[in-house]
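Read through the structure below, which is laid out as structure tokens, and then see the notes.
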Amino acid sequence: MQNHPETFNPIHDSLASWVERMAQHCGADQVQWCDGSQAEWDRLTDLLVQSGTFIRLNPTLHPNSFLARSNPSDTARVEDRTFVCSLREVDAGPTNNWRSPDAMRETLHEKFSGCMRGRTMYVVPFCMGPLESPLALVGVQLTDSPYVVVNMRIMSHMGSEVLKKLGSSGDYIPCMHSIGAPLAPGQADVPWPCNEEKYIVHFPESREVWSFGSGYGGNALLGKKCVALRIASAIARDAGWMAEHMLIMGLETPEGTKTYLTAAFPSACGKTNLAMIVPPESYRQLGWKTTLVGDDIAWLWPGKTGKLHAINPETGFFGVAPGTSWQSNAAAMQSMSQNTIFTNVALTDDGGVWWEGHSEPPAHLIDWTGLDWTSNCGRLAAHPNSRFTAPAGQCPNIDSHWQDPDGVPIDAIVFGGRRPTTMPLVFQAFDWTHGVFLGATQGSETTAAATGNVGTVRRDPMAMLPFCGYNMGDYLGHWLEMRKNIKRLPRIFHVNWFRKNSNGKFLWPGFRENLRVLEWIVLRCQGKIAGHETPIGWIPDWKSFSTEGLEGYNRELFDEAMSFRNEEWLAEITSQNDFFLKLYHSMPKELMCQRELFMARMA
Ligand code: GTP
Ligand code: SPV
Ligand code: MN
């Protein structure tokens with residue numbers, strides 16, 4: 001049974017026959033074409049409430065909002081189950097899990113066979129990027145998860161308008177998704193069906209995505225990491241643009257000049273927080289303004305101003321909940337005030353939501369696993385990777401150009417990560433190539449955003465380690481290559497909000513005070529202030545970095561946060577060895593050379 005929407009006209013033959021074939025192969029009970037309408041959202045959210053996947057939140061506190069609790073085995077991206085299946089192994093490179101496409105296709109054929117029995121297969125046409133953007137990528141996700149459908153409606157342009165754009169023969173990226181939990185006749189469903197065995201598979205050459213076994217986040221909302229990063233990065237390499245794991249934001253100075261910047265931090269390292277930054281009160285009074293274009297993904301290309309231009313291919317946030325509060329990030333709180341899906345946070349007794357760092361812990365909650373929770377029970381109430389899915393248009397400081405197909409012109413690119421030692425609060429690269437070296441060797445403590453260890457430092461070039469759809473060495477080469485096509489190069493910086501003193505205390509207050517770092521970056525881009533030169537780049541001077549009004553802050557703390565320590569950097573350069581060895585065969589010579597130059601400056 002199928003419901004072809006009237007707007008699906010003229011018929012796109014190859015799409016229709018693919019849908020038909022997949023529905024057959026997966027054994028779906030029904031096929032439902034999604035139009036992206038409010039009525040469809042209402043119907044699906046009602047269905048999700050009935051089936052127990054969703055709990056409707058108190059409509060006075062959070063209108064039209066829901067809580068989902070996932071299976072405890074399905075709470076984050078599964079990097080060790082993520083595959084890049086290029087024809088040649090060398091094209092996936094040493095940092096990706098490679099499988100031969102033929103072998104993988106065989107496995108997938110078997111896994112998907114009958115996997116949707118007893119379920120509806122939804123056809124989700126989506127577009128990443130403004131519909132009129134020349135970079136826009138259309139995908140069609142087939143999924144047996146209505147949870148995924150409603151999330152996709154927030155995260156992308158979804159439904160009839162996309163089918164219209166496709167017309168009768170437009171190109172689309174096929175995205176096949178199943179939670180891998182068929183129902184036998186009469187078998188009762190569970191609130192979060194999924195499969196213990198997961199496959200997140202990319203075919204970068206034929207531009208396809210196949211995802212099996214998970215309903216969570218980047219594993220299942222295939223427009224995000226799979227299409228807008230892994231597949232898009234491969235497309236971008238061929239077409240001379242860049243798909244990056246970056247926030248995009250604007251900063252307006254009291255004089256009225258506006259500077260846009262992007263920042264690449266690894267997962268759960270503060271992109272959403274920085275993208276939504278609200279200036280401290282004293283800055284607001286002076287006239288500083290901030291705007292948000294995107295919080296997770298940026299597509300960049302040499303634009304008509306001669307600068308790199310950036311668009312955010314997404315239309316929503318899939319943001320980390322823990323640590324978000326009215327104090328730390330009011331714009332995020334506002335963004336998720338309604339029309340929001342919360343996943344794996346705690347439920348309050350009055351039908352609201354709570355997580356660690358939200359506010360004073362209430363006496364009683366239902367935790368993310370559905371159990372009673374009291375403030376002295378010793379368990380976390382929310383999963384560390386619990387998230388909110390919220391429409392970007394609800395962000396109070398959304399930039400007026402956030403859906404502009406021309407994007408916004410970028411003046412600065414910022415790299416960074418969680419580094420308890422070594423990395424100063426901020427420094428500036430000498431030039432593009434040196435900046436690419438800094439991004440390439442960027443490291444961070446791992447976080448709960450991916451399954452596995454939390455807290456060990458790993459190299460995460462440009463925060464793209466889990467998201468690059470081809471050989472990482474070639475990707476770094478593409479960055480170097482881009483320089484030739486950009487007339488007005490952005491300046492490149494490195495930041496670290498997470499440096500600690502010997503007692504384990506953060507050396508920088510972070511959050512909205514990060515605006516002071518952005519101020520230094522903007523003034524550097526405008527050539528208005530000097531920094532002092534160190535072997536790693538330019539570092540701010542006490543006198544040209546504003547700490548005015550920062551209570552309890554002093555020169556000593558500043559010097560510690562900004563310090564360049566030879567012994568730490570000797571250890572750093574040694575710890576980069578493994579990374580250079582791993583990429584030995586594809587690492588661009590220029591970056592090897594940067595490493596030599598750096599060691600020479602140190603000596
Ligand atoms: P993904 O969505 O996973 O790509 O992550 P993201 O980079 O958007 O992460 P997000 O902004 O949600 O980061 C959340 C975590 O970073 C929370 O634990 C915050 O408390 C922490 N964080 C963000 N900004 C700061 C800061 O300035 N200082 C400190 N100390 N922690 C911060
Ligand atoms: C990340 O892990 O970088 C995310 C969340 O943005 S997810 O969409 O689950 O990948
Ligand atoms: Mn991310």
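Nearest 5 percent is fine: what portion of the DSSP beta bridges confined to the chain is antiparallel? List each step's numbers first, then the result.
On the way: 65 of 100 bridges.
For the chain, the DSSP antiparallel bridge percentage is about 65.
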>> Using Cα-Cα distances under 8 Å and only pairs 6 or more residues apart, what relative contact order does region 284-411 have, in percent?
In response: 36
>> Keeping all protein chains in the complex and leaving out DNA, RNA and ligands, what accessible area do you get for R565 with a 1.4 Å probe, in Å² to the nearest 10?
In response: 80
> Does anyone have the angle between helix 566-575 and the longest principal axis of the chain? Alpha-carbon axes, 0 to 90°, nearest 10?
Replying inline: 30
> Just going by the charge dipole of the chain, with Lys and Arg at +1 and Asp and Glu at -1 on Cβ, which of P280, G443, T456 is farthest out on the positive end?
Replying inline: G443
> Which whole-number percentage describes the relative contact order of the chain, with Cα contacts under 8 Å and a sequence gap of 6 or more?
Replying inline: 15
> What is the local net charge at L251, summed over the other residues whose Cβ is closer than 10 Å to its Cβ (Lys, Arg +1; Asp, Glu -1)?
Replying inline: -1
> If you place +1 on the Cβ of every Lys and Arg, -1 on the Cβ of every Asp and Glu, and leave all else neutral, what size is the dipole of region 316-394 about its Cα centre, to the nearest 20 Debye?
Replying inline: 280
> Could you give the angle, 0 to 90 degrees to the nearest 10, between helix 589-602's Cα long axis and the longest principal axis of the Cα atoms of the chain?
Replying inline: 40
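Let me make sure I get this right: for region 251-336, a, b and c are the square roots of the gyration tensor eigenvalues over alpha carbons, sorted descending. Under 1.5 in a/c it's rounded, otherwise prolate if a/b > b/c, else oblate. Which is it?
oblate
Roughly speaking, to the nearest percent, how much of region 54-194's 1.4 Å accessible area is carbon and sulfur? If you can, show how the numbers build up before the last one.
Working: 2710 of 5360 Å².
With neighbouring chains kept in place, the figure for region 54-194 is 51 percent.
Tell me, what is the per residue accessible area of the chain in Å², probe radius 1.4 Å?
Working: 22790 Å² over 603 residues.
On a per-residue basis, the chain sits at 38 Å².
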> How much net charge surrounds F506 when only other residues with a Cβ under 12 Å from its Cβ are counted (Lys, Arg +1; Asp, Glu -1)?
Replying inline: +3
>> For the pair K500/N3, report the inter-label distance in nm, with labels modelled 7 Å from Cα in the Cβ direction.
In response: 5.3
> Could you give the distance between the Cα centres of region 500-564 and region 93-108, to the whole Å?
Replying inline: 45
>> Can you give me the angle between helix 514-525 and the longest principal axis of the chain, using Cα atoms only, in degrees from 0 to 90, rounded to the nearest 10?
In response: 70
>> Relative contact order for region 226-302: what percent, with Cα pairs under 8 Å and sequence separation of 6 or more?
In response: 40
> What span do the alpha-carbon atoms of the chain cover on each of the three principal axes, reported in whole Å from largest to smallest?
Replying inline: 71, 57, 42
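Within a Cβ distance under 13 Å of Q187, other residues only, what is the Lys/Arg minus Asp/Glu net charge?
Details: positive: R117, R119; negative: D29, D189.
Net charge in that neighbourhood comes out at 0.
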> Which peptide among 252-264, 574-586 comes first, and what is the full order, when sorted by highest mean count of other Cβ atoms within 10 Å?
Replying inline: 252-264, 574-586
> Could you give the distance between the Cα centres of region 65-79 and region 431-450, to the whole Å?
Replying inline: 27
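Ranked highest first by average number of other Cβ atoms within 10 Å, how do 53-59, 415-421 line up?
Values: 53-59: 18.4, 415-421: 22.3.
In descending order of packing, they fall as 415-421, 53-59.
If you average over every viewing direction, what projected area does the convex hull of the Cα atoms of region 316-394 give, in nm²?
Values: hull surface 19.0 nm².
Projected over every direction and averaged, the Cα hull of region 316-394 covers 4.8 nm².
Which FRET efficiency, nearest 0.05, do Q526 and L570 yield, Cβ-Cβ r, R0 35 Å?
On the way: r = 34 Å, r/R0 = 0.98.
After rounding, the FRET efficiency stands at 0.55.
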> Once both labels are modelled 7 Å past Cα along the beta-carbon direction, what's the H585-T257 spacing in nm?
Replying inline: 4.8
> What is the magnitude of the charge dipole of the chain about its Cα centre, with +1 placed on the Cβ of each Lys and Arg, -1 on the Cβ of each Asp and Glu, and no other charges, expressed in debye to the nearest 20?
Replying inline: 980
>> Give me the percent of accessible area attributable to carbon and sulfur for region 316-394, probe 1.4 angstrom.
In response: 55
> In deg cm²/dmol, rounded to 500, what helix-only [θ] at 222 nm does the chain give when every DSSP H run of at least 4 residues adds -39500 (n - 2.57) and the total is split over its residues?
Replying inline: -7500 deg cm²/dmol
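The values are calculated or read from the model by the stated rules, or taken from the named source; none is laboratory data. Please read all numbers here as calculations on a predicted model, not as lab measurements. Ideal geometry is used to build each Cβ from the backbone, glycine not excepted, and the neighbour counts take in all protein chains shown. Ligands, DNA and RNA are excluded from the accessible area calculation, which covers all protein heavy atoms including side chains. Shrake-Rupley method; radii C 1.70, N 1.55, O 1.52, S 1.80 Å.
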